[in-house]
1. Could you say whether any residue in segment 253-273 is over 21 Å from ILE102 (Cα atoms) and modelled with pLDDT of 75 or more?
2. How many of the residues in segment 163-185 are in a strand (DSSP E or B) and buried (at least 24 other Cβ atoms within 10 Å of the Cβ)?
3. Quick check: is even one residue across segment 217-234 in contact with a Phe, Trp or Tyr (Cβ under 9 Å, 6 or more places away or on another chain), closer than 27 Å to ARG109 by Cα and part of a helix (DSSP H, G or I)?
4. Here are the criteria: (1) more than 15 Å from ASP34 (Cβ to Cβ); (2) at pLDDT below 95; (3) open to solvent by 10 Å² or more (accessible area, probe 1.4 Å); (4) assigned to a helix (DSSP H, G or I). Tell me which single one ASP188 does not satisfy.
5. Please specify each residue of segment 172-223 satisfying the condition of being of a type in the set (D, E, K, R) and farther than 23 Å from CYS14 by Cβ.
6. Can you spot a residue in segment 152-162 that is without any contact (Cβ under 8 Å) to a residue 60 or more places away in the chain, over 15 Å from the mean Cα position of the chain (by Cα), more than 17 Å from VAL46 (Cβ to Cβ) and in a strand (DSSP E or B)?
7. Do you know which residues across segment 100-148 are among the hydrophobic types (A, V, I, L, M, F, W, C), exposed (fewer than 15 other Cβ atoms within 10 Å of the Cβ) and free of Cβ contacts under 8 Å to residues at least 40 places away in the same chain?
8. Take residues that are more than 26 Å from the chain's Cα centre (by Cα) and tell me which of the strands (runs of 3 or more DSSP E) falling wholly in segment 1-88 contain 1 or more.
Amino acid sequence: MELGEFERDNAGSCRLSSPVPELCRAGPCCLGIDEAGRGPVLGPMVYAVCYCSLAKQEELGALKMADSKTLTEAEREQLFGTLEQARDFVGWALHILSPNLISTSMQQRAKYNLNALSHDTAIGLIQHVLDAGVQAVEVFVDTVGPAEKYQEKLKRLFPELEVTVRPKADSLFPIVSAASICAKVARDRAVKNWTFPEDLGDVRMEYGSGYPNDPKTKEWLAQCLDPVFGYPQFVRFSWSTAQTILESKAVPVRWDDSEDDPAQKGTRSVLSFFARKESSKRQPHRFFHECKLETVTGL
């Protein structure tokens with residue numbers, strides 16, 4: 001699994017896929033869909049679809065796929081290697097959604113929540129493998145939101161498919177377990193090899209599990225916060241954990257029409273953060289480089 005395309009630009013989204021086996025082009029197949037990284041405040045969310053020829057269901061069962069959440073990282077990597085060795089009857093596709101894309105989508109003017117984003121990503125992956133020539137006849141999906149409504153939605157969009165949506169589908173159907181492993185392996189690798197375009201100075205990269213209730217994650221969020229520009233793109237700034245820290249530690253915005261507000265007295269001006277300190281060794285934020293801005297001392 002090569003994630004170079006995403007790693008070169010980890011601010012948006014990226015779709016990757018394996019070669020389609022001839023068996024999956026020639027005969028009926030089943031699909032399984034699952035995700036990894038829905039809950040963390042750090043890192044991307046990855047959706048995966050895995051597909052297998054119906055004529056090879058016994059062979060798929062023999063691969064001993066399991067829910068990725070019950071496995072160690074080493075076990076997941078080993079099982080993904082097993083899937084890669086079965087490329088004559090198994091294939092997969094991924095859609096990696098960056099933290100930046102997730103947060104900007106959720107905070108846009110038109111309401112677009114995480115469930116809607118998840119549904120659209122899964123629908124896009126189903127269409128992607130169909131367009132690639134996979135002869136899918138049935139699909140199994142781990143639910144997001146009410147299972148019955150989600151199943152009806154997918155049946156309406158793909159009437160030619162037999163659709164099954166279930167809670168904990170990754171522990172019920174081997175093809176969904178396989179998708180779960182693909183998604184989790186991809187997310188683990190993306191997080192481990194994350195390239196920070198921002199200059200974080202002396203901030204240590206010990207951010208724990210990335211889940212909001214992890215003390216290490218909370219501590220890292222507080223340390224990496226820029227008081228003006230907020231968080232690096234590794235952080236989902238729309239999560240309440242991140243927003244709480246922003247509200248308490250970032251610079252408040254002072255609007256021109258609120259200068260007379262007594263509550264604003266003593267608030268440090270945002271402009272004061274743009275003056276470069278002669279003694280500072282820290283490089284300017286990348287925003288200034290991208291906009292070709294330089295600090296001036298006089299006009």
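1. Going residue by residue through segment 253-273, those that are over 21 Å from ILE102 (Cα atoms) are 253-273.
Checking the rest, the ones that are also modelled with pLDDT of 75 or more come to 253.
Yes, there is a match, as at least one residue in segment 253-273 is over 21 Å from ILE102 (Cα atoms) and modelled with pLDDT of 75 or more.
2. Qualifying residue count for the region: 1.
3. Yes; the residues of segment 217-234 include at least one that is in contact with a Phe, Trp or Tyr (Cβ under 9 Å, 6 or more places away or on another chain), closer than 27 Å to ARG109 by Cα and part of a helix (DSSP H, G or I).
4. (1)
5. Taking segment 172-223 as the starting set, the residues that turn out to be of a type in the set (D, E, K, R) are 184, 187-189, 192, 198-199, 202, 204, 206, 214, 216, 218-219.
The answer is ASP199, ASP202, ARG204, GLU206, ASP214, LYS216, LYS218, GLU219.
6. Within segment 152-162, one or more residues are without any contact (Cβ under 8 Å) to a residue 60 or more places away in the chain, over 15 Å from the mean Cα position of the chain (by Cα), more than 17 Å from VAL46 (Cβ to Cβ) and in a strand (DSSP E or B).
7. At the first step, the residues of segment 100-148 found to be among the hydrophobic types (A, V, I, L, M, F, W, C) are 101-102, 106, 110, 114, 116-117, 122-123, 125-126, 129-130, 132, 134, 136-137, 139-141, 144, 147.
Narrowing further to those that are exposed (fewer than 15 other Cβ atoms within 10 Å of the Cβ): 110, 116, 137.
Result: ALA110, ALA116.
8. Working: elements: 13-17, 29-36, 45-53.
Of the strands (runs of 3 or more DSSP E) lying wholly inside segment 1-88, those with at least 1 residues that are more than 26 Å from the chain's Cα centre (by Cα) span 29-36, 45-53.
The values are calculated or read from the model by the stated rules, or taken from the named source; none is laboratory data. Since this is a predicted model, take the numbers as computed values, not measurements. Heads up, the Cβs are rebuilt from the backbone with ideal geometry, glycines too, and the neighbour counts pull from every protein chain shown. Just the protein is used for accessible areas: all its heavy atoms, side chains included, with ligands, DNA and RNA removed. Shrake-Rupley method; radii C 1.70, N 1.55, O 1.52, S 1.80 Å.
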